[in-house]
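Asks: Have a look at this one.
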Amino acid sequence: PMTTVDHELLAENLHLVTERDPDMTARFYERLFARCPHTRELFGPNSKPVREDMLTETLISAVDSLDGVPWVECNMDLLGVKHHEYEVTHEMYDWWTDCVIETLAELSDSDWSPRLEHLWRDRIGHLCTLMREAAPE
């Protein structure tokens with residue numbers, strides 16, 4: 001189970017990376033689209049700022065879900081259904097997660113730790129599981 005210290009560690013890390021690079025989300029999407037070019041079309045007409053807000057909200061959700069904030073699960077259910085409609089596959093959630101983790105690690109630089117990686121993977125994995133489970137069979 002997550003502790004208050006873990007929660008603070010994630011919140012501080014999120015603050016740190018967004019301070020270091022306000023364009024963190026742009027860096028993330030460059031990485032994702034370079035590695036998985038076919039995912040670009042999934043974002044369709046969503047403009048760059050919309051995509052970037054989506055990632056930021058997801059990272060905030062990852063931290064907030066530690067507090068058991070009720071809107072997080074509801075939001076992930078809705079996103080899961082939406083992603084299913086956009087034909088997002090289970091595998092794509094894994095690619096997305098890896099790209100998020102690599103971007104956080106890169107920006108955290110010497111502040112990155114195995115503990116942070118574990119915490120982020122756990123939280124983001126939890127959100128992805130909620131989204132996968134919400135997708136109709």
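Asks: How about the stretch 54-108: which of its residues are in contact with a helix residue (DSSP H, G or I) (Cβ under 8 Å, 6 or more places away or on another chain), surrounded by fewer than 16 Cβ atoms within 10 Å (Cβ to Cβ) and either at positive phi or small (Gly, Ala, Ser) (or both)?
Replies: Selection gives Glu87 alone.
Asks: Here is a further query. Can you run down the residue pairs with Cβ atoms below 7 Å, 6 or more apart or on separate chains, where the first is in the stretch 75-92 and more than 16 Å from Ile124 (Cβ to Cβ) and the partner is among the small types (Gly, Ala, Ser) and assigned to a helix (DSSP H, G or I)?
Replies: Pairs found: Asp77/Ala134; Val81/Ala134.
Asks: Any chance you could count how many residues in the stretch 1-60 are outside any helix (DSSP H, G or I), at pLDDT 80 or above and more than 24 Å from Arg115 (Cβ to Cβ)?
Replies: 3
Asks: Within the stretch 13-27, which residues are in contact with a helix residue (DSSP H, G or I) (Cβ under 9 Å, 6 or more places away or on another chain) and not polar (S, T, N, Q)?
Replies: Those that are in contact with a helix residue (DSSP H, G or I) (Cβ under 9 Å, 6 or more places away or on another chain) and not polar (S, T, N, Q): Leu14, Leu16, Val17, Arg20, Asp21, Asp23, Met24, Ala26, Arg27.
Asks: Mind checking whether some residue in the stretch 27-48 is within 18 Å of Leu130 (Cβ to Cβ), over 17 Å from the mean Cα position of the chain (by Cα) and open to solvent by 20 Å² or more (accessible area, probe 1.4 Å)?
Replies: No, because not a single residue in the stretch 27-48 is within 18 Å of Leu130 (Cβ to Cβ), over 17 Å from the mean Cα position of the chain (by Cα) and open to solvent by 20 Å² or more (accessible area, probe 1.4 Å).
The values are calculated or read from the model by the stated rules, or taken from the named source; none is laboratory data. These figures come from a predicted structure and were not determined experimentally. Positions of Cβ are backbone-derived with ideal geometry, glycine not excepted, and every protein chain shown enters the neighbour counts. The protein model used for the area step is the full one, side chains on, heavy atoms only, and it has no ligands, DNA or RNA in it. Shrake-Rupley method; radii C 1.70, N 1.55, O 1.52, S 1.80 Å.
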